[in-house]
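We did not get these values from a lab; they are worked out from the coordinates using the rules stated. Just so it is clear, the structure is predicted and the values come from calculations on it, not from any experiment. With ideal geometry, Cβ positions are generated from the backbone for all residues, glycine too; neighbour counts draw on all protein chains shown.
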Amino acid sequence: MKGSKELFSFGIWSTAKRKRFPLTRPFRAWLRNCKGMRVVIFGGSFDPVHCGHLAMANCAREELSPNRFLWAPAWHSPGKPSMDGAAPEERVALLECVIQEREAEEIYAGEIVREGTSWTVDTLRDLEILYPGANFTLLIGADCLGRLVEWKNVEEVFHRASFAVCPRGGKGAETLEEMKSQLPENLRGLFKAVMLSMKEHSCSSTLVRKTLRDGGNLDHLVPVVVANEIAKLDMYQTS
């Protein structure tokens, strides 16, 4: 059996497949050591990953001190139009460039493996198998708060994870408090969230793609390693 890191990094650990893997002694020890572990999950299209994403990740790591930080690229994010950007394997390749020099960060590619619409509840179910007893926190931008109640099985999501919220789209702490007050009564007591103190970053994947198609400079938009990989793979050049 492959080690837990290999299973996790390539996203082949899923509810449907878990019985195929024997519980070897090292893996049993891994499972025992997960109790109480703090795991932050950062999901998104990452098309491409940019400096705004990294600012959110850095803030979450500094303020929450997680044992693991998981990037979870989506096959297709709910509520977004059909993807017209990079292929899933290209988006994962860009993330791999980013995390090479970042300790305790991994890529959870289960949503890519599952294909179709990427539902957070499915990801949480899978990760609870790999990290039994861990405490999960979902890292999101404040611009997502208004759509949380529309998430698939949102009550189960609130049971399984807390939220860390970063300012985004001109929305911040006031938006979080307003959203809490408007939650249905059955969800209000389940919703656990903290507002992170980072300054809002203006970068977006849409801006990066437009800049590339216009022949602009990516300085201050993406890390150098991402810019180099985009050029190497000749990504985002279609007008």
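A few notes on this one:
- Of the listed requirements (1) in contact with a Ser or Thr (Cβ under 9 Å, 6 or more places away or on another chain); (2) farther than 20 Å from MET56 by Cβ, LEU138 misses just one: (2).
- Every residue from the stretch 170-203 that is in contact with a helix residue (DSSP H, G or I) (Cβ under 8 Å, 6 or more places away or on another chain), closer than 18 Å to TRP151 by Cβ and of a type outside the set (A, V, I, L, M, F, W, C): LYS171, THR175, LYS180, PRO184, ASN186, ARG188, LYS192
- Within the stretch 125-147, the set of residues being closer than 16 Å to PRO167 by Cα and not charged (D, E, K, R) comprises LEU138, LEU139, ILE140, GLY141, ALA142, CYS144, LEU145, GLY146.
- Summed over the stretch 200-215, residues that are farther than 30 Å from ARG160 by Cβ and either touching a Lys or Arg at 6+ places or on another chain (Cβ under 8 Å) or of a type in the set (D, E, K, R) (or both) total 4.
- Verdict on LYS152 being among the charged types (D, E, K, R), surrounded by fewer than 18 Cβ atoms within 10 Å (Cβ to Cβ) and closer than 15 Å to TRP119 by Cβ: yes
- Residue count for the stretch 97-124 satisfying the condition of being within 15 Å of the chain's Cα centre (by Cα) and within 20 Å of ALA164 (Cβ to Cβ): 14.
Matching residues to (1) in contact with a Lys or Arg (Cβ under 6 Å, 6 or more places away or on another chain); (2) free of Cβ contacts under 8 Å to residues at least 12 places away in the same chain; (3) among the basic types (Lys, Arg):
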| position | (1), (2), (3) |
| --- | --- |
| PRO88 | no, no, no |
| LEU94 | no, no, no |
| ILE99 | no, no, no |
| ALA109 | no, no, no |
| ARG114 | no, no, yes |
| ALA142 | yes, no, no |
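- Any pair with Cβ under 9 angstrom, 6 or more apart, that starts in the stretch 219-239 at a residue that is farther than 17 Å from SER204 by Cα and ends at one that is outside any helix (DSSP H, G or I): VAL225/GLN100; VAL225/GLU101; GLU229/PRO48; GLU229/MET235; LEU233/ALA86; THR238/ASP84
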